[in-house]
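The structure appears below as structure tokens.
The values are calculated or read from the model by the stated rules, or taken from the named source; none is laboratory data. Every value quoted in this text rests on a predicted model; they were computed, and no experiment measured them. Glycine also receives a Cβ, built like all others from the backbone with ideal geometry; neighbour counts cover every protein chain displayed. Please note that ligands, DNA and RNA were not included when accessible areas were found on the heavy atoms of the full protein model with its side chains. Shrake-Rupley method; radii C 1.70, N 1.55, O 1.52, S 1.80 Å.
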Protein chains: 2
Amino acid sequence: MQNKVGIAPVSGENLLFLTDDQLRRGIEAMFFAYRAFTSDPDLILADMDYGRAHHRALHFVHREPGLTVTALLDVLGVTKQSLNRVLRTLVEDGLVESRVGLRDRRERLLFLTEKGSALERRLSETQRARMRSAYRAAGPQAVAGFRQVLEAMMDRDTLRQFKALKDLSDPT
Amino acid sequence: MQNKVGIAPVSGENLLFLTDDQLRRGIEAMFFAYRAFTSDPDLILADMDYGRAHHRALHFVHREPGLTVTALLDVLGVTKQSLNRVLRTLVEDGLVESRVGLRDRRERLLFLTEKGSALERRLSETQRARMRSAYRAAGPQAVAGFRQVLEAMMDRDTLRQFKALKDLSDPT
DNA sequence: CTTATTACGTCAGGCTTGTTGACTTTCCAA
DNA sequence: TTGGAAAGTCAACAAGCCTGACGTAATAAG
């Protein structure tokens, strides 16, 4: 079970990067990096009455204007009751507009207002700045590896969701 | 602001990986991957009366047996009231042992019991299995890039904390 | 030997974000 | 016309975070 350093690798290759200690370091790196990754938006959101859930909703509505509540529910992986609370405040505060569907009038199509766009831009810019700086420091090859490992960590359905999002520029 | 594809890179290099769209994809990959990353332990924890906070405490106590409450507080980045609730249940349930410090009797040194070790192992093994599979699929070079980008995403203090943890096998 | 500081624990109260369950309204499609 | 999907609502609850205030024990500083 404890695949310590020094024990011969299973195959002929060098599999030192698969030792339990290396895996543990990876797990910890994910924990710390994710915390840093969310810290910038959290600071901005804390001033308003919003939280991380509002940011996520804004992000995906921005990304796919006119997506339905169900689609958003699916991508966020929460219950509609939970999302509804968040969405209601965003609509009340004039950040998100909810239009009745054209094809199917039961559906609600979600759009960002000018105000909503402005907040989304402000939030995501801090996050992109951090990402940009990390990408630049690590270089293109490291970025490719970063993306490869993250995708390999997702389970089938999550990966399908991720790929289903419009990929504007990624030729991978 | 919107550094679209097709606009000439700032320097002479190919900086396509730094476009806003690429950065957005990275941000989304982090979101989805982190969710997948925590899903396995969450399933196990849901059966018991424990949550993610308990897992984190178990992880770091396992990693550094005998660490003090303050040190744990520091690495987790939460308030002592929040940690105390978690720690109390873990001690009551016989997963964590809290011994009075030898050098300084105000300090409480934290250790996992046999039972605590067993749960920690069970939780972390699911997470390592996912990480192992992702690492194996992506290959050593991708893993190196993954780690590079994650570390570059951390801010100074977080990186210091991360590096301060005993690095048993990483020669980076 | 006081006094201040540190480490820890705890009580009280509040917030966000998630959950189940039950119910209604609206609307498409068989 | 009727069944069922989509959306929204109300209620109740829990995890997990927070701040503020207070108490105790032990060390450090004067």
The local net charge around residue B:85, scoring Lys/Arg +1 and Asp/Glu -1 for residues other than residue B:85 whose Cβ lies under 14 Å from its Cβ, equals +1
Starting from the Cα of residue B:89, step 7 Å along the direction of its Cβ; do the same at residue A:70; then give the gap between the two resulting points in nm.
3.6
Per the 1/(1 + (r/R0)^6) rule, R0 = 45 Å and r from the Cβ atoms of residue A:42 and residue A:14, FRET efficiency to 0.05 is 0.65
Taking only Cα atoms, what is the 0 to 90° angle, nearest 10, from helix B:52-63's long axis to the longest principal axis of chain B?
80
Could you check how much of the accessible area of the protein assembly as shown is carbon and sulfur, as a whole percent, using a 1.4 Å probe?
54
Rounded accessible area per residue of chain B, 1.4 Å, Å²:
53
Mean ellipticity per residue at 222 nm, deg cm²/dmol - from DSSP H runs of n ≥ 4 across the protein assembly as shown, formula -39500 (n - 2.57):
-21000 deg cm²/dmol
Starting from the Kirkwood Rh over alpha-carbon pairs, what translational D in µm² s⁻¹ does chain A have by Stokes-Einstein at 37 °C and 0.692 mPa s?
174
Longest chain A segment clear of trypsin sites (Lys or Arg not before Pro) sitting in DSSP loops (not H, G, I, E or B) with at most 11 other Cβ atoms within 10 Å runs A:5-102
Angle between the Cα long axis of helix A:140-153 and the longest principal axis of chain A, 0 to 90 degrees, nearest 10?
80
Note: B:151-160 gets an average of partner chain Cβ contacts (10 Å, Cβ to Cβ) equal to 6
Shortest first, in nm, what separates the label point of residue B:77 from those of the same position in the other copies (7 Å along Cα→Cβ)?
2.0
Which value, in square angstrom to the nearest 100, describes the accessible area buried between chains B and A on both sides, using a 1.4 angstrom probe?
7100
Please list, ordered by chain and number, the residues whose modelled amide H lies under 5 Å from the amide H of residue A:96; skip anything fewer than 5 residues away on the same chain.
A:91, A:113
Which of A:87, A:16, A:112 fluctuates most in a GNM of chain A (C-alpha springs under 10 Å)? That residue is A:16
For the pair residue B:161 and residue B:129, how long in nm is the line joining their label points, each one 7 Å along Cα→Cβ?
2.9
One residue of chain A has its C-beta nearest the axis rotating A onto B; that residue and its distance in whole Å are A:145, 1
Using modelled amide H (1.01 Å from N, peptide plane; none on Pro or chain starts), what sits under 5 Å from the amide H of residue A:109, excluding residues fewer than 5 places away?
A:99, A:100, A:101
